[in-house]
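Engineer: Before I ask anything, here is the structure I am working with.
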Amino acid sequence: MSYFLHNKVRFGFIIDKNSFIRVSLSSTAIGLTGVDMGKSVLVVNGPNLNMLGTREPEIYGKLTLADIQAACEERAKVRGLELAFMQSNHEGELVSAIQEALGTHDGIIINAAAYTHTSVAIHDALKAVGLPTVEIHISNTHAREEFRHHSFIAPIAKGIICGFGIDSYLLAIDALDNIFQQRN
């Protein structure tokens, strides 16, 4: 990224392979750093995902959620995307994060975990904000217990990626970036 400074405001720009100019700015005067005018993705993680690395490693692997976040941040950086990453064990906090994404983020990646199969509230929040959404799962939910085969998120998602471990997250970042590029 190239930078220039004007009146204590630092501006950065990237000209990517499609000749799009992505601008970011930061200002110590108003406390902003790393604000990017490019596309932004919210990654939402549901209950028990904070236990990754210790919870059923034969199903979910040995990587922690922090490991997954770091890999997602690296992929987003390569793609020229901003990334926000959150996890909660509480349905209402997930709904609030989704609602707050409107006007802040351009797309959502969601691993709602167990709430995938039970939460009408999360379905309704995703539908209400209308952002392109990719549903993901670390494991192949269709190869597991019958109750995991139904998703309340699937009807409003652009797509579902499951069964590829951490790559489910990375593939979702790629998919959303492709959706953003197709809209331009």
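Bear in mind that the values in this text are calculations on the coordinates, not laboratory data. The shown structure was predicted, so the numbers you read here are calculated from the model rather than taken from an experiment. Positions of Cβ are backbone-derived with ideal geometry, glycine not excepted, and every protein chain shown enters the neighbour counts.
Engineer: By the scheme Lys and Arg +1, Asp and Glu -1, what is the net charge of all other residues having a beta-carbon under 15 Å from that of Gly159? Intermediate results must be reported in sequence, preceding the final value.
Structural biologist: Details: positive: Lys158; negative: Glu135, Asp167, Asp174, Asp177.
Counting the neighbours of Gly159, the net charge comes to -3.
Engineer: Can you work out the PRE-style zone for Ile179? Point 7 Å along Cα to Cβ, and I want the residues of the stretch 48-77 with backbone N under 17 Å.
Structural biologist: Within reach of a label on Ile179, which here means backbone N under 17 Å from a point 7 Å along Cα→Cβ, the stretch 48-77 contributes 76.
Engineer: Here is a follow-up. What is the fewest-to-most order of Ile179, Ile68 by other Cβ atoms lying within 10 Å of their Cβ?
Structural biologist: Working: Ile179 16, Ile68 25.
Sorted ascending by nearby Cβ count, the order is Ile179, Ile68.
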